[in-house]
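The next block holds one structure in the form of structure tokens; read it before the comments.
The values are calculated or read from the model by the stated rules, or taken from the named source; none is laboratory data. Just so you know, these numbers come straight off a predicted model, no measurement behind them. With ideal geometry, Cβ positions are generated from the backbone for all residues, glycine too; neighbour counts draw on all protein chains shown. We work out accessible area using only protein heavy atoms, side chains counted, and drop any ligands, DNA or RNA first. Shrake-Rupley method; radii C 1.70, N 1.55, O 1.52, S 1.80 Å.
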Amino acid sequence: SLKSDIDHVAAADWLSDGQQLATIRRIGTDYVVEFPAGHTVYRCSGWLSDLRLSPAGDQAAFIEHPVRDDDRGYVRMVDKSGNTRQLTPDWNSAVGLAWSPLRHEIWFTASKTAVARSLYAVSMSGVLRRLSSAPPSLRLFDIAPDGRVLVSVDERRGSMLAAFPGATQATDVTQFDEPNEQAISND
């Protein structure tokens, strides 16, 4: 049934025949890349995201996140036989990935030390280059065949509300971008 074919799928991309999918699927506590769906070529105990097939359809690229619920990770590539290699070092934050229209690079958005992600390219041999260093945090979604890039600006801002004794409503006590309840003094 179609429902059982898509259970626990976290990401998917069409193979070049337009009839089959490659998928990232959660199976138990593991995440697996199926290339094509139903044929496992890679498994990890962390989590996987941003699956994209190469224009030739012979490779799948994705971001591997070794720790659950943490977007720290790196770009990995696998072929239909399960041959895999890590293309980038570990990044503090890595989300968004697509194959370049030149077909010899994978573009992705990541940050080495902070939360603000920039646009990078990595070649099949692991040569890394920075494409953008815009001040806001970026997220890559896709690249058109003519080279136009679809990105978003990820603007995260936390807020904190406090209910003071005798007050009927909570008050916004946010002072900076990332409020932290552990930073509140006992007085």
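Descriptive notes on the structure:
- Only Lys, Arg (+1) and Asp, Glu (-1) charged, at Cβ; the chain dipole about Cα centre in debye: 520
- Per residue, the accessible area of the range 32-79 comes to 37 Å², computed with a 1.4 Å probe over protein heavy atoms only.
- Apportionment of accessible area to carbon and sulfur, the chain, percent (1.4 Å): 50
- Theoretical gain in end-to-end length, D30 to V67 [0.36 nm per residue, Cα-Cα removed]: 12.2 nm
- E105 long-range amide H proximity, modeled H, under 5 Å: S100
- Cα-centre dipole for the range 9-65 with unit charges at Cβ (Lys and Arg positive, Asp and Glu negative), debye to 20: 160
- Highest-fluctuation residue, D154, D50, D146 considered, GNM on the chain with Cα pairs under 10 Å: D146
- Label assignment, volume of the Cα convex hull per residue in Å³ derived from the structure, set [x] 149; [y] 131; [z] 175: [z]
- Options Q19, T29, S111, ranked by Cα towards positive dipole end of the range 11-123, top entry (Cβ charges): S111
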